[in-house]
Amino acid sequence: MNWMWIASTCVAVLQGAAPQTQQSQPDLINPDRPGIADGSNVIWPHRFQFETGLQWESHDQPGAPDKQFFVPTLFRFGVSDRFEARIETNGALAIGDLSDSHTAGYQPVSIGGKYHFQDGDGMRRASLATIIRIFPPSGSASFSSKQTQGDVRLVADLDIAPKSLYSINPNIGVASYTGPDGKNFTAGLAAMTLNYNPTDHLNFFIDTGAQTPEQPHGRNAVIADLGTALIIGTNLQLDFSIGKGISGSDVPRPFIGAGISIRY
């Protein structure tokens with residue numbers, strides 16, 4: 001009888017401890033913004049996530065407008081445990097000097113998806129996914145594209161310190177973009193983010209991204225930035241970042257961005 005009482009007590013203790021374990025790992029929003037590199041996680045089925053912000057850029061390319069304002073926006077729809085559908089655009093765009101004339105419009109819109117094909121295991125194995133985007137002819141005024149564009153990237157998440165204190169997000173891919181002559185050219189893509197996560201809700205990061213070439217037969221474009229993101233509750237994130245172009249003829253020098261991500 002004593003053994004039965006001890007066994008019952010142990011079961012009761014274990015059952016009581018289970019909810020505490022689940023509460024220590026809350027289901028937090030995990031946006032692909034801010035930063036240049038994207039993560040490998042997808043959102044849960046039947047959930048919707050909206051990620052947007054405002055970005056200001058200064059350019060010093062001769063003969064080109066020196067100020068740019070746009071609204072990078074990403075819609076994510078959970079389809080299954082492994083796949084999400086995505087709609088993405090730089091949204092409304094205005095270019096020009098604030099004291100001079102400016103042009104407004106919107107850039108091409110992409111449709112695509114992210115497929116998560118490998119789960120991560122801390123520092124032992126990276127989490128992996130593929131992101132594919134297709135840009136049909138779209139956009140307005142001088143921002144429109146008459147050609148179909150697209151890119152495909154392999155994206156990863158890997159912890160490089162215990163308890164996810166530090167992690168990296170490497171991305172690599174290939175793109176077909178439209179050049180100034182209206183014809184498509186092939187470019188290589190790469191990005192890397194280093195994250196410092198002092199808590200589950202606070203993130204500091206520094207990252208860099210590259211496109212080679214920037215334009216047909218042109219230079220390589222390299223951008224670097226740093227910033228922070230704060231999760232409020234479980235379904236809301238606020239972010240801020242600042243950066244500049246290191247190499248390239250049409251990279252921002254510098255840029256400042258702030259954004260919000262909401263999960264429903």
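Which value, in debye to the nearest 20, gives the size of the charge dipole of the chain about its Cα centre, when Lys and Arg are +1 and Asp and Glu are -1 at the Cβ?
My answer is approximately 460 debye.
Run the quick spin-label model on Ile232 and Arg253: label points 7 Å from Cα toward the beta carbon, then report their separation in nm to one decimal.
The modelled label-to-label distance comes out at 3.7 nm.
Mind ordering 240-251, 26-37, 197-208 by average Cβ neighbours within 10 Å, highest first?
26-37, 240-251, 197-208
So, in Å, what gap is there between the alpha-carbon centers of region 127-180 and region 108-125?
If we compute the Cα centre of each part, the gap is 11 Å.
Roughly what would the spin-label model give for Ile160 and Lys146, points 7 Å off Cα along C-beta, in nm?
The answer from the label model is 4.5 nm.
Using the alpha-carbon atoms, what tilt in degrees (0 to 90, nearest 10) does helix 2-23 show relative to the longest principal axis of the chain?
10
Taking only C-alpha pairs under 8 Å that are 6+ residues apart, what is the relative contact order of region 124-186 in percent?
Relative contact order of region 124-186: 29 percent.
Please report Rg (one decimal) and Dmax (integer) in Å for the Cα set of the chain.
Rg then Dmax for the chain, in Å: 21.7, 90.
Could you work out how much longer the chain between Lys183 and Ala85 gets when fully extended? Use 0.36 nm per residue separation minus the Cα distance between them, nm to one decimal.
Stretched fully, the Lys183-Ala85 segment lengthens by 32.5 nm.
Among Leu236, Ala129, Asn169, flag the residue with its Cα farthest along the positive direction of the charge dipole of the chain, charges on Cβ as +1 for Lys/Arg and -1 for Asp/Glu.
Selected residue: Ala129.
How much length, in nm to one decimal, is gained on full extension between Asn30 and Thr103, taken as 0.36 nm per residue of separation minus their Cα-Cα distance?
Roughly 22.9 nm would be gained on extension.
Only Cα pairs under 8 Å and at least 6 apart count here; give the relative contact order of region 50-174 as a rounded whole percent.
16
Find out how many positive minus negative residues lie around Leu230, taking Lys and Arg as positive, Asp and Glu as negative, among other residues whose Cβ is under 12 Å from that of Leu230.
With Lys, Arg at +1 and Asp, Glu at -1, the neighbours total -2.
What list of whole percents do you get for P(r) of region 196-253, with Cα-Cα distances grouped in 5 Å bins up to the one holding the largest distance?
P(r) over region 196-253, rounded to whole percents: 5, 18, 20, 15, 12, 12, 10, 6, 2, 0.
So, counting K/R as plus one and D/E as minus one, what does the shell of residues with Cβ under 14 Å around Ser241 add up to?
Counting the neighbours of Ser241, the net charge comes to -4.
Here, each number is a calculation from the coordinates, and none is a lab measurement. Predicted model only: the values in this text are computed from it and were never measured. Note that each Cβ is placed from the backbone with ideal geometry, even for glycine, and that neighbours are counted across all protein chains shown.
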